[in-house]
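**Q** This structure is in structure tokens; I'll ask about it shortly.
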Amino acid sequence: MNVTEQEFTSLFTKIFSMNGLSSLISKDTVGAFYKLTDRMLTENEKYNLTAITDIDKIILNHYADCAMIASKIKKGASIIDVGCGAGFPTLPLAIVRPDVKITAVDSTAKRVNYVTETAEQLSLLNVTSVVARAEDLSRTELRESFDYATARAVAELRVLTELCLPFVKKGGKMLAMKGKNAEFELSGAKRAISMLGGRGAVCEQIKLVGVGQEQTHPLIIIDKAEKTPAAYPRPYAQISKKPL
Ligand code: SAM
């Protein structure tokens, strides 16, 4: 990595503070994010982990972005991160919220291996990683067993809801970190949400402030009000060809 730990700490502190995340800054968290950055950039060629390689952009668009959802999660919660890829939001959340337990799932074995090894190297004992397709895994004992399902940049909302909501307990929530079409996707997903046991979906606009830039990252929050009917999720070909 082309910055020293001291330079990283100063940049990290500045960006997290600008985004109202000062309470998450400590010697331990910054140290863990420094190690994570070093490892991610070192392994990037082998695993194709991130297109973002500038340190300030990694801190803003990966770490602050994922840390913003920490305030939506209750103490001691269980979380499944569907389509974790290179560990987002899994790894930043696990660093800033040692009280929560996260199961990271992805269908790509090499990304899950990277997440497993990274969690070990960073001593993140609150992360478990699984290679699986979400629609298969939610038909195991993990069905309706999590307080939250998170997903960032995985699929269009009707598809994503069928992948995520079956994992969530009644009374829990799905947190979908979406792009600029979020409001439009939400208006088209109302029927799917209701069929899968979800209610009261809202789209919050989360502001991310960087050096000389401001972005809005929509977060869709869906309450799990009823059990998901046994017919869902369907096989992936059906989910994607005929979204609910
Ligand atoms: N969440 C990460 C992030 O924000 O950087 C990764 C996003 S990446 C664009 C989408 C990931 O979702 C890929 O790693 C892909 O393998 C995974 N994925 C897509 N559909 C899936 C499914 N049905 N079950 C498990 N993983 C899935």
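**Q** If you check GLY87, GLY76, which single one turns out to be over 18 Å from MET177 (Cα atoms), at pLDDT 95 or above, touching an Asp or Glu at 6+ places or on another chain (Cβ under 9 Å) and not acidic (Asp, Glu)?
**A** So the residue among GLY87, GLY76 that is over 18 Å from MET177 (Cα atoms), at pLDDT 95 or above, touching an Asp or Glu at 6+ places or on another chain (Cβ under 9 Å) and not acidic (Asp, Glu) is GLY76.
**Q** Right, here's the next one. Residue pairs, Cβ under 6 Å, 6 or more apart or interchain, first in region 88-102 and farther than 13 Å from SER129 by Cβ, second of a type in the set (Val, Ile, Thr) and within 16 Å of the ligand (Cβ to nearest atom). List them.
**A** Filtered contacts from region 88-102: PRO89/THR150; VAL100/ILE79.
**Q** Also: Output the number of residues of region 66-84 satisfying the condition of being in contact (Cβ under 8 Å) with a residue 60 or more places away in the chain, among the small types (Gly, Ala, Ser) and in contact with a helix residue (DSSP H, G or I) (Cβ under 9 Å, 6 or more places away or on another chain).
**A** From region 66-84, those in contact (Cβ under 8 Å) with a residue 60 or more places away in the chain are 66, 68-69, 72-74, 77-83; that's our starting set.
Now drop any that are not among the small types (Gly, Ala, Ser), which leaves 77-78, 83.
When the remaining residues are screened for being in contact with a helix residue (DSSP H, G or I) (Cβ under 9 Å, 6 or more places away or on another chain), the result is 83.
Residues meeting the conditions: 1.
**Q** So, in region 157-206, of the ones that are charged (D, E, K, R), open to solvent by 60 Å² or more (accessible area, probe 1.4 Å) and in contact (Cβ under 8 Å) with a residue 24 or more places away in the chain, which residue ends up farthest from THR228 (Cα to Cα)?
**A** LYS180
**Q** Considering only residues that are within 12 Å of the ligand (Cβ to nearest atom) and under 22 Å from TYR34 (Cβ atoms), which ones fall in region 102-118?
**A** Selection gives ALA104, ARG111, TYR114, VAL115.
**Q** Within the bounds of region 70-89, is there any residue that is in a helix (DSSP H, G or I), crowded, with 16+ Cβ neighbours inside 10 Å and within 14 Å of the ligand (Cβ to nearest atom)?
**A** no
**Q** How many of the residues in region 119-130 are within 16 Å of the ligand (Cβ to nearest atom) and open to solvent by 10 Å² or more (accessible area, probe 1.4 Å)?
**A** 4
**Q** Also, I was wondering about something else. Filter region 29-49 down to residues that are farther than 14 Å from GLN121 by Cα and among the charged types (D, E, K, R), then give me how many there are.
**A** Residues that pass the stated criteria total 2.
**Q** Still on this model: Can you tell me how many residues within region 196-212 are hydrophobic (A, V, I, L, M, F, W, C), in a loop (DSSP other than H, G, I, E, B) and in contact with a strand residue (DSSP E or B) (Cβ under 8 Å, 6 or more places away or on another chain)?
**A** Final tally of qualifying residues: 0.
**Q** For residues that are among the basic types (Lys, Arg), farther than 18 Å from VAL154 by Cβ and exposed (fewer than 12 other Cβ atoms within 10 Å of the Cβ), tally how many sit in region 224-244.
**A** Matching residues across region 224-244 total 1.
The values are calculated or read from the model by the stated rules, or taken from the named source; none is laboratory data. From a predicted model like this one, the values you see are computed outputs, not experimental measurements. Here Cβ is always computed from backbone atoms with ideal geometry, including for glycine, and neighbour counts include all displayed protein chains. These area figures cover heavy atoms from the full protein model, side chains too; ligands, DNA and RNA do not enter into them. Shrake-Rupley method; radii C 1.70, N 1.55, O 1.52, S 1.80 Å.
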